Amino acid sequence: MGQFFAEYGLFLLKVLTVVAAIVVVIAVAASAGRKAHLEGLEIENLNKKYKSLADSLRNAISSKSERKIAAKERKKEAKAEAKAPSEKPRTFVVDFKGDLKATAVASLREEVTAILDVAGDDDEVIVRLENHGGVVHEHGLAASQLARIRDREIPLIVCVDKVAASGGYLMACVASKVYAAPFAILGSIGVLAQLPNFNRMLDSHGVDFEQITAGKHKRTVTMFGKNTDEDRAKLKEELEDVHALFKDAVGRYRPGLDLDKVATGEHWYGTRALEYGLADEIRTSDELLKERSDERDLYQVTYKIKQPLQKRVMANIDSLLEKAEANSWRQRFESRLPR
């Protein structure tokens, strides 16, 4: 009888596992369907958004008569705006949230193209940037998209509320002006390569690793083969070359920086970054945009890309890796905060 219950319990566990898996798949598919959107450009008038937020609060704390007066004023303003289009200069706002592969560059390139087609002499672009850095060539492409704005001599402002480090700072430095929150993280102008090596473990289990290349330096440091001092020296040489290119890019857009002092791979918080010239002013993006809304028309520009289910699933896996990377950053920074 005991064996029967044991087998029955195992069978029940298998059934529950299968059912749970089916439920998860259905939930993911349903979620994907709900979140699916058409690919294209979305524009939001931030002036109207700010007014709407203020009106909501005002209505909640005002008397009935005050609400009626305010509603009449809004109607008058709406009619006036309809008759005479705004002649204020425009600010185009773009959000860029980076990951290791800078996947948001696919949207950024479309957003920049659209802006460049309509921007006038008095217009400007503000990029709210949050980027820990990652793969060199991907972030280099992202920086190149921002350089298109600078090359057209359109004022480009980057706001760093949280972090613009490594490849993130490669993007930020392109700006005409960099604003940073007091505790935003900037810098990390350096290059890193790291990987585990399983050669001794494979060797202890009698596993040979074969690698055949054409070209002396087609492959240097490897995860499975035995690495030599020559391999390490070559990789170090390549990293130094990338670092030199990184410094050249930063120096081009921020010529006043003391690169010997700031291009050490270190990072600094906003107020320190200001002292070293990595930022131009301490201010959050919220402060800047609210101030701009009084004198300019603000439009947030977002290019939505529709991704197939397979890519969204893979993106979720990548997201887990990103969170692990961000966690390591957070732990490093929090360990330096005073207790």
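Quick note: the coordinates plus some simple rules give every number you see, no bench work behind them. This is a predicted model, so every value here is computed, not measured. A quick note on method: Cβ atoms are made from the backbone with ideal geometry, for glycine too, and the neighbour counts reach across all protein chains shown.
Here are some notes:
- Sorting ILE305, ILE185 by the number of Cβ atoms found within 10 Å of their own Cβ, with the fewest placed first, yields ILE305, ILE185.
- Phi angles across the range 134-141 convert, under the Karplus curve 6.51 cos²θ - 1.76 cosθ + 1.60 with θ = phi - 60°, into 3J(HN,Hα) values of x, 5, 4, 5, 5, 6, x, 5 Hz, Gly and Pro given as x.
- Taking HIS267, HIS217, HIS132 and counting other C-beta atoms within 10 Å, the order from fewest to most: HIS217, HIS132, HIS267
- Net +/- balance of residues flanking GLN211 in space, Cβ distance below 14 Å, scoring K and R +1, D and E -1: +1
- Restricting the range 92-190 to chymotrypsin sites (Phe, Trp or Tyr not before Pro) in coil, as DSSP defines it, with at most 16 other Cβ within 10 Å: PHE183
- Proximity of backbone amide H atoms, modeled 1.01 Å from N, is registered between ARG128 and VAL94, ASP95, PHE96, CYS159 at under 5 Å, excluding neighbours fewer than 5 places apart on the same chain.
- When each of the peptides 138-151, 189-202 is scored by how many other beta carbons lie within 10 Å of its residues on average, the order from highest to lowest is 138-151, 189-202.
- Distances between placed amide hydrogens fall under 5 Å for GLU266 paired with SER188, ILE189, all partners being 5 or more residues away or on another chain.
- The phi torsions of the range 50-55, fed into the Karplus equation with coefficients 6.51, -1.76 and 1.60 and a -60° offset, translate into couplings of 5, 5, 5, 5, 5, 5 Hz, rounded to whole numbers, with Gly and Pro shown as x.
- Modelled FRET efficiency - R0 22 Å, LYS76 with GLU44, Cβ distances, 0.05 increments: 0.40
- Computed Kirkwood radius, in angstrom, where 1/r is averaged over Cα pairs of the range 63-204: 17.9
- Taking 0.36 nm per residue of sequence separation and removing the Cα-Cα distance, the LYS64/VAL242 pair yields an extension gain of 57.6 nm.
- Using 0.36 nm per residue and subtracting the Cα-Cα separation, the extra length available between ARG232 and THR113 on full extension is 38.7 nm.
- Each peptide in 98-110, 282-294 gets a packing score, the mean of other Cβ atoms within 10 Å over its residues, and the list from highest to lowest is 98-110, 282-294.
- Length available on full extension from THR302 to ALA106: 0.36 nm per residue minus the Cα-Cα distance, which gives 69.4 nm.
- Around ASP280: net Lys/Arg minus Asp/Glu count, Cβ-Cβ under 13 Å: +1
- Taking 0.692 mPa s as the viscosity and 37 °C as the temperature, the Stokes-Einstein diffusion coefficient of the range 193-262 based on its alpha-carbon Kirkwood radius rounds to 222 µm²/s.
- Under 23 Å from the Cα of LYS236 - lysines, other chains or at least 8 residues apart: LYS101, LYS216, LYS218, LYS226, LYS247, LYS261
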